[in-house]
Amino acid sequence: MFSKINSARFFAACFILSFLTYGIGSLMVESMQLVQLNLNDKEMIRTKYILGIVLISVFHTIFNLCLLLTMNSVIRQLSPFLSKVYLYFGCVATVLLAIGGLCLLWPILKFGSELELNEFLSEMNHGHQMNFRLYQIGMCLWGFAGIALCWTFIQFKFFPLWFCCLGIVVYTVFIIGTILELNHVKVGVYFSIPGGLFELTLSVWLIIRGCIIKSPTASSFS
């Protein structure tokens with residue numbers, strides 16, 4: 001049960017680590033477009049670029065799957081239907097994010113060791129476009145997983161009602177932001193901030209206090 005504080009803290013730690021690995025990996029990859037590099041930096045470019053992709057596609061995926069499986073092991077005892085919704089959307093989102101990260105490898109795969117900086121940056125833009133689309137779709141699905149999770153919290157009183165309802169609202173806003181981004185309306189950052197703050201708050205809450213739960217009875221929505 002989620003009343004075990006260690007499980008709550010493990011879930012929260014994986015949540016925070018997934019944030020950090022994707023964020024740091026993205027910064028490492030995107031920095032290649034933001035600075036002026038010269039041809040003498042080829043090995044540094046390759047190393048930094050590949051390391052960023054590993055953080056995005058490998059470590060982020062591992063932490064995401066760990067948190068999904070940890071939470072699913074809890075809520076499937078209470079609601080088989082909601083657990084399936086949460087796990088399905090979360091896993092598909094995670095796979096899409098991982099594939100998007102691998103798309104960033106395209107310039108490395110194309111040029112190999114024969115790395116010409118201008119061509120590399122040009123091909124990197126194509127990889128970024130593919131990653132962008134997969135990222136937005138994946139995060140949209142993650143928003144639906146988040147809504148299913150918050151609904152479970154409401155049903156079984158894991159947290160105060162106001163906090164769970166806030167989660168549903170911010171995840172809905174988050175989903176809208178990803179859809180707008182896919183339609184070339186550049187508001188995704190602003191729409192994602194509330195969701196990110198909610199998830200970080202949830203993680204800190206779980207690490208410090210665990211969750212509020214009063215012996216919920218098992219229930220099924222299937």
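Total residues in region 44-75 satisfying the condition of being modelled with pLDDT of 95 or more and among the aromatic types (Phe, Trp, Tyr): the figure is 2. For region 94-124, name all the residues that are open to solvent by less than 30 Å² (accessible area, probe 1.4 Å), within 19 Å of Phe59 (Cα to Cα) and modelled with pLDDT under 90. Within region 94-124, Cys103, Leu104 meet the criteria. Selection of first residues in region 119-145 that are assigned to a helix (DSSP H, G or I) and of second residues that are surrounded by fewer than 17 Cβ atoms within 10 Å (Cβ to Cβ) and modelled with pLDDT of 80 or more, restricted to Cβ pairs under 6 Å at least 6 apart or on distinct chains, gives the following pairs, ordered by first then second residue: Leu134/Ile99; Gln136/Leu182; Leu141/Val92. When you look at Cys150, is it more than 20 Å from Leu97 (Cβ to Cβ) and either modelled with pLDDT under 95 or open to solvent by less than 70 Å² (accessible area, probe 1.4 Å) (or both), yes or no? So Cys150 passes the test. When region 171-190 is filtered for residues that are within 15 Å of the chain's Cα centre (by Cα) and open to solvent by 40 Å² or more (accessible area, probe 1.4 Å), only Val189 remains. Of Leu141, Leu197, all but one fail to be open to solvent by 90 Å² or more (accessible area, probe 1.4 Å), within 22 Å of Ala13 (Cα to Cα), modelled with pLDDT of 90 or more and of a type in the set (A, V, I, L, M); the exception is Leu197.
Return yes or no: is Trp142 farther than 14 Å from Gly100 by Cβ and among the aromatic types (Phe, Trp, Tyr)?
Numbers: farther than 14 Å from Gly100 by Cβ: no; among the aromatic types (Phe, Trp, Tyr): yes.
Criteria not met by Trp142.
In region 9-23, the residues that are within 8 Å of Ser203 (Cα to Cα) and open to solvent by 30 Å² or more (accessible area, probe 1.4 Å) form Cβ pairs under 9 Å with partners that are part of a helix (DSSP H, G or I) and hydroxyl-bearing (Ser, Thr, Tyr), at six or more places apart or across chains, as follows: Ala13/Ser203; Ile16/Ser203.
The values are calculated or read from the model by the stated rules, or taken from the named source; none is laboratory data. This structure is a prediction, so every number in the text was calculated from the model and none was measured. Positions of Cβ are backbone-derived with ideal geometry, glycine not excepted, and every protein chain shown enters the neighbour counts. All accessible areas refer to the heavy atoms of the entire protein, side chains included, with ligands and DNA or RNA removed. Shrake-Rupley method; radii C 1.70, N 1.55, O 1.52, S 1.80 Å.
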